[in-house]
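Engineer: Just passing along the structure, written as structure tokens.
What follows draws every value from the coordinates through simple rules; no lab data is involved. What you see is a predicted model; the values in this text were computed from it and never measured. Heads up, the Cβs are rebuilt from the backbone with ideal geometry, glycines too, and the neighbour counts pull from every protein chain shown.
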Amino acid sequence: MHRYGQIMMGKSLLETRTDFEVAALALECLMNKQQTNTLIQLICHVQQGFDQCTLKNYDELQEMWDSAAEKSTKFVQEEIKVPYREQIESFDLFYRPLWDWVRELLLDPNVVSKMEWHAQHQFRFDEANGKWKQFISEPWTANRWWKIQDTLPANAVPLCIIFYADKSKLSSFGTAMGYPVIARLANLPIDIRNGVGAGGGRVVGWYPIVPEDSERSGKTDFVDFKCIVWHESASKILDSLVEYSQTGYHMSCGDHVKCLMYPLIFFKTADFEEQCVMCLTRGLGGLCPCTCCLIPKANLAKYTIAELRTPQLAIEILAQANAASTSAEKEEILKEYSLRPVFNAFLKLANGDPYQSVTFDDLHFQDGGLWGDHLFVQGKAQILNLPNHRALSTKVDQWYKDFPRWCNIHHFADGVFKLSFNDGSKHHDISKKYDSLDDDFNKSWAFIKLHYHLHLFDDIQDKGILRGLRPLRKIYLNRTNFKDTGSQITRIEHQCVVSGLIRGGIELLDELLKPPVAEEIPLDIENPTNNPHFSIGSKLQAIKFAKLEQSGMLFARFHILLSKFISELLLASSIPLPGGQYVKYTVNDMITPYQYLKINYHSLDTWQIEVDYLRCNPCFNDAPQYDFILFDSMSGPVFAQLCYVFTTIVGGKTCTDKDLSLLRLHKETKTEFISVHSIIRGAVIVPTDLSDEAIVWDALDGDMFLRVLKHFPGYTTGFYKT
């Protein structure tokens with residue numbers, strides 16, 4: 001075996017040419033750590049004779065994917081022909097017939113078993129007042145679902161589809177655009193339908209993008225033409241649902257239960273411009289710009305909702321316009337209601353109300369809309385107009401820099417004043433952290449994204465809440481030749497779907513073939529990964545109490561205090577003391593520190609198991625991080641800060657109840673021991689300029705808001721005294 005490593009790279013771990021080629025391939029393909037490890041493991045697996053790789057080249061690999069394509073609903077390519085003035089223009093549409101995709105889900109036993117047909121969770125018990133109260137979250141708990149249910153036969157169920165379309169850039173520069181249509185099944189819980197595996201969202205269409213030039217851009221007949229192309233494309237995607245939405249469809253699902261199902265588009269989500277196309281309204285230039293109601297443009301700043309749009313009214317106005325004797329008269333009739341002279345594809349479906357099904361979307365109307373385009377801009381402008389604007393903007397930036405890090409929350413290490421981006425999720429996190437703004441802005445608040453908030457409450461009651469979507473930019477950037485991208489992207493996206501289905505089957509087989517694991521946990525286990533409530537990690541070298549106690553006043557008499565705590569904990573837990581004697585540690589005994597704690601808890605908001613990842617680390621991402629927690633004490637929940645996580649030996653074996661030393665907020669110079677089982681969840685506590693105050697960040701998530709509201713009444717979105 002020829003060795004290249006030391007010749008080519010000096011003192012190196014690369015010992016063979018193959019080592020170098022694998023390392024270079026991982027580098028060229030920008031593989032992350034997990035992908036690189038997987039590649040190396042596969043090579044080693046074959047090298048050691050556990051398996052074989054029979055693939056010969058790229059073409060054979062593509063043939064394999066094409067032969068496996070039948071495992072899932074494939075894309076259909078169809079030509080859309082629409083007249084414009086004196087010409088017929090043609091466009092390529094790629095789509096999956098919606099019913100074929102839905103039927104695929106219904107025949108999968110693993111998916112159908114997770115579906116909700118009725119509002120099992122529509123009510124929850126409120127411990128505070130001892131009453132049951134309505135809980136609107138999932139679509140099947142919302143009013144519209146039940147109104148539709150009431151119109152169906154007694155033995156029928158609604159099959160509710162979420163329809164998402166959004167034209168967006170495929171690259172961060174240039175003009176390349178993509179127009180994916182993504183469908184999700186609202187009968188599935190949020191975490192499943194927003195996932196990428198079985199039951200997750202599926203690309204069901206790749207719309208054509210109508211090219212425009214300065215000669216026809218913005219002209220009324222050209223805008224109408226683009227709307228016709230859009231709805232002709234939507235018709236192709238929806239056509240397979242039309243009959244069954246009216247008559248229902250009997251079938252035996254994957255759970256071998258025969259159902260009568262009525263498919264429908266439950267709600268549609270997109271930005272405002274896309275919603276105007278979906279509803280065939282005239283947008284901001286129209287006399288009535290809202291897609292939900294007929295509020296005049298001049299009244300947008302008023303806190304009121306006008307007469308709601310309905311399919312019946314739209315069909316009536318369109319009929320009146322078509323009966324007009326002149327084009328000018330027809331235009332005047334349509335302008336009054338801000339409608340376009342195009343038939344709406346969604347009206348072909350039963351329960352296909354295009355106006356009731358469009359919904360408020362945090363990403364487009366709140367985070368990237370009202371906040372990103374207006375409040376954030378105005379807030380910065382207010383500060384920059386003040387005489388001491390440099391000091392104030394620096395202070396705001398420093399506040400963001402100092403804000404505690406938290407999993408899945410963006411950290412703005414460089415502040416926010418100079419940021420320039422169009423990322424709704426970042427705007428969302430900035431808005432949650434941003435202090436209250438002076439509302440005396442010299443600007444008009446008569447804009448659609450502010451008015452749309454008036455429909456938010458009704459949207460939640462009617463349709464439930466909305467979360468999560470996925471981009472397709474990586475396929476465009478890494479796998480296409482940047483020409484005729486629709487056919488390439490849909491082919492590769494389908495391969496990803498098929499790969500996911502095969503992967504799911506392999507993982508299920510691996511699980512079935514896995515040898516049974518003994519239920520009894522070894523007494524000497526160091527990392528309690530089988531504990532349902534918590535686990536610890538980032539293990540450090542064991543240390544003597546003597547050395548720990550010399551590290552600072554925080555750990556003074558640590559072994560004595562721990563001896564007392566462990567003894568009392570064992571007695572309180574009805575666990576015999578070792579040898580019948582109180583536990584007594586000496587300065588020469590050892591403990592093992594850890595810097596990571598994972599807590600699983602039941603969310604009061606989602607009713608699901610949620611996870612917090614907590615750090616107790618003097619140098620995490622180049623900065624100290626000692627996270628806060630909320631734990632149960634004798635007097636109720638208390639906020640506290642982690643300062644040391646460790647395991648210790650009790651009676652010759654590692655204590656299975658891991659113990660934490662905690663710095664209580666109201667006793668800044670004293671530590672206390674508590675059992676990790678008393679930890680409820682992690683928390684974010686934000687320091688202020690005042691030494692005796694800190695902010696409990698109840699906006700962290702819905703669960704934290706509800707816990708603060710319940711256990712600390714009066715402190716919601718306010719200060720928590722330390």
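Engineer: What's the local net charge at residue 273, with K and R +1, D and E -1, over the other residues with C-beta under 11 Å away?
Structural biologist: Working: positive: 167; negative: 166, 271, 274.
For residues surrounding residue 273, the net value is -2.
Engineer: Return the subset of 167/380; 348/449; 302/449; 297/335; 147/449; 226/348 for which the Cα-Cα distance in this structure is over 18 Å, preserving the input order.
Structural biologist: Details: 167/380 30 Å; 348/449 29 Å; 302/449 13 Å; 297/335 12 Å; 147/449 28 Å; 226/348 20 Å.
Pairs exceeding 18 Å: 167/380; 348/449; 147/449; 226/348.
Engineer: Could I have the simple spin-label model distance between residue 110 and residue 686, label points 7 Å from Cα toward Cβ, reported in nm to one decimal?
Structural biologist: Taking the simple label geometry, residue 110 and residue 686 are separated by 4.2 nm.
Engineer: Taking 22 Å as R0, compute the FRET efficiency from the Cβ-Cβ separation of residue 622 and residue 398 and round it to 0.05. Can you show the working numbers first?
Structural biologist: Values: r = 17 Å, r/R0 = 0.78.
Once rounded, the FRET efficiency stands at 0.80.
Engineer: Net charge within 14 Å of residue 40 by Cβ-Cβ distance, Lys/Arg positive one each and Asp/Glu negative one each, not counting residue 40 itself? If you can, show how the numbers build up before the last one.
Structural biologist: Details: positive: 33; negative: 15, 19, 21.
Result for the neighbourhood of residue 40: -2.
Engineer: How much length is gained on full extension from residue 316 to residue 252, taking 0.36 nm per residue of separation minus their Cα-Cα distance?
Structural biologist: Working: separation 64, 0.36 × 64 = 23.04 nm, distance 4.03 nm.
Gain on stretching residue 316 to residue 252: 19.0 nm.
Engineer: Now for a separate question. Using 0.36 nm per residue of separation minus the Cα-Cα distance, give me the extension gain between residue 391 and residue 39 in nm, one decimal. Present the calculation step by step, with values, prior to reporting the outcome.
Structural biologist: Values: separation 352, 0.36 × 352 = 126.72 nm, distance 5.12 nm.
Full extension from residue 391 to residue 39 adds 121.6 nm.
Engineer: Give, as ranges by residue number, the residues of region 312-350 whose backbone N falls under 13 Å from the point 7 Å along Cα→Cβ of residue 221.
Structural biologist: In region 312-350, the label zone of residue 221 (backbone N under 13 Å from the point 7 Å along Cα→Cβ) covers 327-328.
Engineer: Give me the net charge for the shell around residue 234: Cβ to Cβ below 11 angstrom, other residues only, Lys and Arg +1, Asp and Glu -1. Present the calculation step by step, with values, prior to reporting the outcome.
Structural biologist: Numbers: positive: 236, 268, 348; negative: 232, 239.
Counting the neighbours of residue 234, the net charge comes to +1.
Engineer: Then there's this: Taking the Cα-to-Cβ direction at residue 633 and at residue 507 and moving 7 Å from each Cα, how far apart do the two end points lie in nm?
Structural biologist: For the pair residue 633/residue 507, the computed spacing is 4.2 nm.
Engineer: For residue 540 and residue 408, what does the FRET efficiency come to when R0 = 30 Å and r is the distance between their Cβ atoms, rounded to the nearest 0.05?
Structural biologist: Working: r = 26 Å, r/R0 = 0.87.
Working from the Cβ atoms, E equals 0.70.
Engineer: State, to one decimal in nm, how far the label point of residue 68 lies from the label point of residue 22, with both points 7 Å from Cα in the Cβ direction.
Structural biologist: 2.2
Engineer: By how many nm would the segment from residue 32 to residue 560 grow when fully extended, if each residue of separation counts as 0.36 nm and the alpha-carbon distance is taken off? Could you put the intermediate results ahead of the total?
Structural biologist: Details: separation 528, 0.36 × 528 = 190.08 nm, distance 4.67 nm.
Using 0.36 nm per residue and subtracting the Cα-Cα distance, I get 185.4 nm.
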